[in-house]
Amino acid sequence: MVAFAGLSLFFLFGLTGLISPVASGSLNAGNVLQGTACEQIAMEVSLSSVVYHTGSSQYIKDNYHWSSSNSQASECSFEPATTQDVGIALRILGQTQTPFGIKSGGHAANAGFSSTPGVQIAMYSFSDVVYDSVAQTVTVGTGLVWDDVYVALEQYNMTVAGVKATGIGVGGVALGGGYSFMSNQYGLGLDNVVAFELVLPNGTVADITGSTNPDLFFALRGGFNNFGIVTRVTLKTYPQSLIWGGLITYSQDEWEGVNSAIVNFSANVTDPKASIYNSYSLISGVAAMSTILFYDAPTMPEGIFNEFLSIPDIEKDISTRSYVDLIRSVESNLTSGFRSVFNWVAVEEITMPVLSMIANETLYWDAELAKYSAQVVSYDVAVYLPTLYNHVDSPTAYPPSRSQGYSFIEVYYAWTDSNFDGTMFNAVNASGQHMIQALTNSGQDIANVAVYPNCAPPNIGLERMYGDNVPRLQAIKNTVDPNNVMGLAGGWKF
C-alpha cells in the first residue's frame, strides 16, 4: 500500500465453506444468486477460473478486506486464472453495466476502492514469480502480497523495491506508489516496473512497456485501475544480503529524546542504505512511539543509530537478519477489521517544532475522537532523502513532479462505529490542513506537493494527487476505455 500506520501495536496487541464453489461448466442454479453477470461469467470462462457465491469459504476470502470501511458483500466473487478469462469478464461486466471490484491484497481503506456490491474479482490465481537472472528482473502476479515476492527471491539473494510491511498486495503498490526501506536507493515501487501485462477494457491483452506504449506505461505507474486490469508486473531486482535493523518502542516520557534523534538523523545522514520510520500512536488511549531502524547491510556504520539505541525503551527487536524477517516483523494486519482512513502531508525539513506539532496532533485528536469509537490514532513520520524521486528515467502519473523528494507525515485513524465515518473524515482532513498551514507558516513550501494516492482521504480532488498530469491521464483513459468499463470499479477515477 503502501507506507502503513499502527507500528506501535507491536507491544500492545494477536469458516469453513458452506457451499461448494460453482465452476464454469458445472453451474448449479440453486447456488447462484440472481445476477446476470455472475451467471454469464461462470458459463463463459474456462474451467480453470471459478465463480463463488454467498456461504462458501472462498467467497468469504475473496470479499475480505483489511479495512471494514472498504468491505462489502458482493453478488458473487470471481477468481480468474487466465488473462483470457479476465477479458471475458470485463466484456460481460461492460455489457451488463455491472459494478465490480478488483482485489490484489485488499489493503485499501477508502470505501468501495477494491470492493463492490457487484462482482468481486480476486486476483489470487495470478500468483507466479518468475526470476530472470540474465535480465535481472522478476515477473510477478498481482494476486500476490509482497511477502511472497521477497520470499521467492531470497533463494537468489535478490530483492525488489516494494513495501515496508507484511500483507500488502502487489497490485496497489505497482500501480500506485510504494515507499519502502529501499526507496532512497531505488525509488518507489512503481519506479521499478519495466513491464505490465494488461487486460484492456475491450478484453484484449497487451504487454505495456516504455517502448511498446509510452502513454499507458506512464499512466499505469500511479494511475491504478483506470486503464484495465493488470495481471502481472515485471520489476527490476537488486542483490540482497542480510540487513541490520528492527523495531524499538518508547514510552511517551521519551518522545522528546526520540524527536531529537530523528531530527539529527534527518539532518546528518545521507547514506541511502539507511532508513528510519517513526510512529506516534495511541491505541485505546495508551501512548507510545515506535521507530524502525534499517540499514541495508549486515552491520550498521558506527554511530549512525546510536542516539536511538541509547534511549530507554519498552521493547527492542534489533538484529542482523534477513530482509524477509524484517518485513514479517512489521505486521500491518494487526489493525485489520477496523474502519480506517489515511491522510498524507509532505515535509521539506524535519525539525523539533515540526515533530512537537505532530506529537501534539496525535494527543489532541486521540482525546477528541475517543468518544467516537476511535481505537487507533497514529501519526507516522517517514524520513527520505531529497533524491528520492531521482531513480526513474521517464515521467510517471504519480508523482506529477520529481524536482524534489520529500519526507512525509502519514495519518491513520481506526474506529469501529460506521455512524462516525463522517466525523473521522472531517477530523483527518482538519488535521491535515492544520499541519499544512503550520508547515507553511514555518517556511516550508509544501502546500501544493502532490498527496500520495494510496494514503489520500476520501473525496480529495484528482489535482491534489496528480497535478498537471490530470488532463493527460483523462485523455489516455478516454482512448483506451471509451465506454468507461473501468468506471464500474471503485478507486480514483479519471
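The values are calculated or read from the model by the stated rules, or taken from the named source; none is laboratory data. Note that the structure is predicted; figures quoted are calculated from it, not measured. Glycine also receives a Cβ, built like all others from the backbone with ideal geometry; neighbour counts cover every protein chain displayed. When the accessible area is computed, the model is the full protein with side chains, heavy atoms only, and any ligands, DNA or RNA have been set aside. Shrake-Rupley method; radii C 1.70, N 1.55, O 1.52, S 1.80 Å.
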Checklist entry - Can you find even one residue in segment 354-363 that is within 26 Å of Glu463 (Cα to Cα), of a type in the set (Ser, Thr, Tyr) and either at pLDDT 95 or above or in contact with a strand residue (DSSP E or B) (Cβ under 9 Å, 6 or more places away or on another chain) (or both)? => result no
Checklist entry - All but one of (1) under 19 Å from the mean Cα position of the chain (by Cα); (2) closer than 20 Å to Arg221 by Cα hold for Pro471; which doesn't? => result (1)
Item to check | Pick from segment 410-428, criterion open to solvent by less than 10 Å² (accessible area, probe 1.4 Å) and not in a helix (DSSP H, G or I), ranking: nearest to Leu188 (Cα to Cα) | outcome: Glu410
Checklist entry - In segment 155-175, what residues are small (Gly, Ala, Ser), within 10 Å of the chain's Cα centre (by Cα) and within 17 Å of Val194 (Cα to Cα)? => result Gly162, Gly171, Gly172, Ala174
Checklist outcome for this item: Note on segment 277-330: residues within 21 Å of the chain's Cα centre (by Cα), open to solvent by less than 20 Å² (accessible area, probe 1.4 Å) and not hydrophobic (A, V, I, L, M, F, W, C) are Tyr277, Asn278, Ser279, Tyr280, Ser281, Ser290, Thr291, Tyr323
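Any chance you could count how many residues in segment 61-88 are hydrophobic (A, V, I, L, M, F, W, C), more than 21 Å from Ile168 (Cβ to Cβ) and part of a loop (DSSP other than H, G, I, E, B)?
Total meeting the criteria: 2.
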Item to check | Ser26 being open to solvent by 50 Å² or more (accessible area, probe 1.4 Å), out of contact with any Lys or Arg (no Cβ under 9 Å at 6 or more places or on another chain) and modelled with pLDDT under 95 | outcome: yes
Checklist outcome for this item: Being closer than 28 Å to Gln120 by Cα and of a type in the set (S, T, N, Q) narrows Ser431, Ser442, Ser418 down to just Ser418
Item to check | Filter result (open to solvent by less than 30 Å² (accessible area, probe 1.4 Å), β-branched (Val, Ile, Thr) and in a helix (DSSP H, G or I)) within segment 429-467 | outcome: Ile436
Checklist entry - Could you give every pair whose Cβ atoms fall below 8 Å, whose first residue belongs to segment 174-185 and is over 14 Å from Tyr398 (Cβ atoms), and whose second residue is in a helix (DSSP H, G or I), counting only separations of at least 6 or pairs across chains? => result Phe181/Leu326
Next on the checklist: Cβ-Cβ distance below 9 Å, separation of 6 or more or different chains: which pairs start in segment 209-221 with a residue that is under 18 Å from Val170 (Cα atoms) and end on one that is among the basic types (Lys, Arg) and buried (at least 20 other Cβ atoms within 10 Å of the Cβ)?
Outcome noted: Ala219/Lys477
Checklist entry - Do you know which residues across segment 468-494 are part of a helix (DSSP H, G or I) and either at pLDDT below 95 or open to solvent by less than 30 Å² (accessible area, probe 1.4 Å) (or both)? => result Asn469, Val470, Leu473, Ile476, Lys477, Met486
Item to check | Where a residue in segment 241-267 is assigned to a strand (DSSP E or B) and its partner, wherever it lies, is among the acidic types (Asp, Glu), with Cβ under 7 Å and at least six apart | outcome: Ile243/Asp296; Gly246/Asp317; Leu247/Asp317; Ile248/Asp313; Thr249/Asp313; Thr249/Glu315; Tyr250/Asp313
Item to check | Condition check for Ser56: touching a Gly at 6+ places or on another chain (Cβ under 9 Å) and at pLDDT 95 or above | outcome: yes
Checklist entry - Among the listed residues Thr423, Thr440, which satisfies the condition of being touching a helix residue (DSSP H, G or I) at 6+ places or on another chain (Cβ under 6 Å) and on the phi < 0 side of the Ramachandran plot? => result Thr423
Checklist entry - Can you pull out the residues in segment 89-104 that are part of a strand (DSSP E or B) and open to solvent by less than 30 Å² (accessible area, probe 1.4 Å)? => result Phe100, Gly101, Lys103
Checklist outcome for this item: Scanning segment 29-47 residue by residue, those assigned to a loop (DSSP other than H, G, I, E, B) and at pLDDT 90 or above turn out to be Val45, Ser46, Leu47
Checklist outcome for this item: Within segment 331-349, the residues that are of a type outside the set (Ser, Thr, Tyr) and within 14 Å of the chain's Cα centre (by Cα) are Glu331, Asn333, Val341, Phe342, Asn343, Trp344
Next on the checklist: Among the residues in segment 387-409, are any open to solvent by less than 30 Å² (accessible area, probe 1.4 Å) and within 18 Å of Asn70 (Cα to Cα)?
Outcome noted: no
Checklist entry - For segment 105-119, does any single residue satisfy the condition of being of a type outside the set (S, T, N, Q), farther than 19 Å from Gly169 by Cα, at pLDDT 95 or above and surrounded by fewer than 18 Cβ atoms within 10 Å (Cβ to Cβ)? => result yes
